[in-house]
Structures are given as C-alpha cells and as structure tokens.
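See structure below.
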Amino acid sequence: MEYALREFAVNGYSASSVNNMYDSEQGISKGLIYHYFTSKEELFLACVSECFEELASYMQTHFTGSSMLPLEKSLTDYFTVRLRFFYEHPLYQRIFMESVFIPQGYLSEEIDRCREPMDQMNINLLEELFSRVPLRISMSSSEAARIFIAIVNTTVLRRSAEKGNGFSIQEREETARSIVDILLNGLVDKTNEKTGKETI
C-alpha cells in the first residue's frame, strides 16, 4: 500500500500507473498487486479508505474537544488538529483533496462510502459541541451540526473550484476556520469602535 499511496500522492489518480507501484527488490511484484487488487480504481479506493480511517482515528485520539473551552475555540482546535494530521502524514494530502474535491465521477459513490465513517464522526462530534451552547429554539444540535457541515463543505468546494490544483490543505483548513468565525459571530461588526454605537 505504501507504494500505491506514494504514487497517488505524487502523481494524482489520473496520472498514476500500477506499473510504478511495485518493487521487485522488495518482493512486491505487479502480479502480487493484482492478486489483491483487480484494478487501479480498486487500489485507489483502498488508499482513500485508509486515508479517512487514519484521519478519523487521529482525530478521535488527538482532539479532546474539552467542555471547558468555548465552542469557537473547540472548532478552531478541531481544524488545527486535522491540519496537523496532514503535516504528519503528507502522503494522504493529495489523496484527501482529490477524493473530496475532484473525485472521478464514476468513483464518487464508492468514495462516499469510504468517507462515511469520517462523516459520521464529524456529525457526532459537532452534535456534542453544539449541545453545549444555547441554540435557536427551533434548532436541535443535530440540525445545527448538519447545517454547519453543509455550509463549510459548500464554501470550501467553491473555493477549491476557483483555485483548482493550487488549493492546498492549509488553505482548505483556513477557509473552514473563517467559516466558523462567520457562522458564530456574523459578517457585520454591529458596534462602531469610535462611538460605541451600533452601525446598523
């Protein structure tokens, strides 16, 4: 898997080849690869699945989400820990970005299945965070979590489309952090710093 991870991480899915993933000196032959994986697509999906499993495990281990912290700080810490995962595991960066932002159309359903454990972990985590704070009367912590995820994902996807291949993991996490600030604090500063009066 390490050779496959490296190939997809360096060249991306489209430009990768199984021919570059074996090492006869290490006893890893092309035939051995095809014994376990029937195609490049299946091998890529295995790498995607590993990426999300490792990320979910890392988040569960390293993100405490302490109830003593304000919601905004907890959410900011979440993105900080996630970014640290990608710095510590650089081979997963491109695989994550390609599977989330530019998935091959015919693999999108399989990629969604690979993401399910990570997506569910995010929902559970956010539900717990939102349950600590007062929400609008008509909104549950579950609904707040799903709305939050939808807004972050939509914004990040749009930013990714604008920047193309130049959109890095760090920019993705910074974009998500800015959405946290906007969602929790709004867009408009309602107090005039000079007069102390509301501007709207």
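The values are calculated or read from the model by the stated rules, or taken from the named source; none is laboratory data. Predicted model only: the values in this text are computed from it and were never measured. Neighbour counts run over all protein chains shown; Cβ positions are idealised from the backbone, glycine included. Ligands, DNA and RNA are excluded from the accessible area calculation, which covers all protein heavy atoms including side chains. Shrake-Rupley method; radii C 1.70, N 1.55, O 1.52, S 1.80 Å.
From the list VAL100, VAL152, VAL133, exactly one residue is in contact with a helix residue (DSSP H, G or I) (Cβ under 7 Å, 6 or more places away or on another chain), in a helix (DSSP H, G or I) and either loosely packed, with under 14 Cβ neighbours inside 10 Å or of a type in the set (A, V, I, L, M, F, W, C) (or both). Which is it?
VAL152
Among the residues of the stretch 131-166, write down those that are of a type in the set (S, T, N, Q), more than 19 Å from the chain's Cα centre (by Cα) and under 19 Å from TYR78 (Cα atoms).
Across the stretch 131-166, the qualifying residues are SER131, SER141, SER142.
Give me the residue from the stretch 167-200 that is at pLDDT 70 or above and among the small types (Gly, Ala, Ser) and, out of that set, surrounded by the most Cβ atoms within 10 Å (Cβ to Cβ).
ALA176
Over 17 Å from LEU183 (Cβ atoms), part of a helix (DSSP H, G or I) and of a type in the set (Gly, Ala, Ser), is that true of SER57?
yes
Has the stretch 106-122 got any residue that is among the polar types (S, T, N, Q) and open to solvent by less than 70 Å² (accessible area, probe 1.4 Å)?
So far as the stretch 106-122 goes, yes, one or more of its residues are among the polar types (S, T, N, Q) and open to solvent by less than 70 Å² (accessible area, probe 1.4 Å).
What pairs come out if I take residues in the stretch 54-69 that are of a type in the set (S, T, N, Q) and pair them with residues that are open to solvent by less than 90 Å² (accessible area, probe 1.4 Å) whose C-beta lies under 8 Å away, six or more apart or interchain?
Once the first residue is of a type in the set (S, T, N, Q) and sits in the stretch 54-69, its partners that are open to solvent by less than 90 Å² (accessible area, probe 1.4 Å) give GLN60/MET121; SER66/SER74; SER67/ARG132.
Listed residues ARG82, ARG94; which is under 15 Å from the mean Cα position of the chain (by Cα) and open to solvent by 80 Å² or more (accessible area, probe 1.4 Å)?
ARG94
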